[in-house]
Amino acid sequence: MSISEDPLLTPPKASHTQELVLWGLACAYTVYRLGWSSPFALSHNLHLPIHEAGHLLFTPFGEFMHFLGGSLFQVAFPLVFMGSFVLRRDFFSAFLVLLWSGDALIDISFYVADAYAQEMPLIGGEHDWAYLLGEIDKVHYATPLGNFVWNWGAVTMLLGCTGAAWVLNRRAGFIRVKA
């Protein structure tokens, strides 16, 4: 494949400077998110309506899926956009949206870990993860499962930042490796 055929080397619509600024902001947010251990980060209000829409979307599939649907949709929603970017061969944007999905996982992790104590304020109704883990008699695993989901989200966010940096480097040739 020649350089002109490499989709990662095709000139982006945005300038390299704009992409570098966007990448820098995304990575700064990742550092903020991974360093600040709170269930109410800047992005929580973005995730909440998507989470609640997931409950409505999954209601026809039964009670268990209704409760799981909020968290499931919260993580899957950004992945739909990621898929769209991949189909358009815009890998830089795809990696940034992967970062959004990782942030959604971290947002959910606090909710999962709270299933046993149920201390988080809810906007109404039953605690999703208390119900879900209660149905399978695993509420006592809430904290380790929440930690696992947080780590999964952290790795996903870091993969998004690293992947976007890789695409930028391939396009702009900031770092050249001699073979």
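The values are calculated or read from the model by the stated rules, or taken from the named source; none is laboratory data. Treat the numbers as computed from the prediction; the structure is a model and nothing was measured. Using ideal geometry, Cβ is built from the backbone for each residue, glycine included, and neighbour counts are taken over all protein chains shown.
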Among the residues listed as Leu159, Leu168, the single one being within 16 Å of Cys27 (Cβ to Cβ), within 17 Å of the chain's Cα centre (by Cα) and in contact (Cβ under 8 Å) with a residue 24 or more places away in the chain
Leu159
Could you list, in sequence order, the residues of segment 42-62 that are among the aliphatic types (A, V, I, L, M) and in contact with an Asp or Glu (Cβ under 7 Å, 6 or more places away or on another chain)?
none
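Each row is one residue, and each column tells you yes or no for (1) of a type in the set (A, V, I, L, M); (2) over 20 Å from Pro121 (Cα atoms).
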site	(1), (2)
Pro49	no, no
Leu68	yes, no
Val80	yes, yes
Arg88	no, yes
Ala94	yes, yes
Leu98	yes, yes
Leu105	yes, no
Residue check for Leu133: aliphatic (A, V, I, L, M) and free of Cβ contacts under 8 Å to residues at least 60 places away in the same chain:
yes
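Listed here are the residues, each with its yes/no results for (1) part of a helix (DSSP H, G or I); (2) surrounded by fewer than 19 Cβ atoms within 10 Å (Cβ to Cβ).
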| position | (1), (2) |
| --- | --- |
| Glu126 | no, yes |
| Tyr131 | yes, yes |
| His140 | yes, yes |
| Phe148 | yes, yes |
| Asn151 | yes, yes |
| Ala154 | yes, yes |
| Ala164 | yes, no |
| Asn169 | yes, yes |
Residue list for segment 41-76, restricted to those being at pLDDT 95 or above and either outside any helix (DSSP H, G or I) or among the aliphatic types (A, V, I, L, M) (or both):
Ile50, Ala53, Leu56, Leu57, Gly62, Met65, Leu68, Leu72, Val75, Ala76
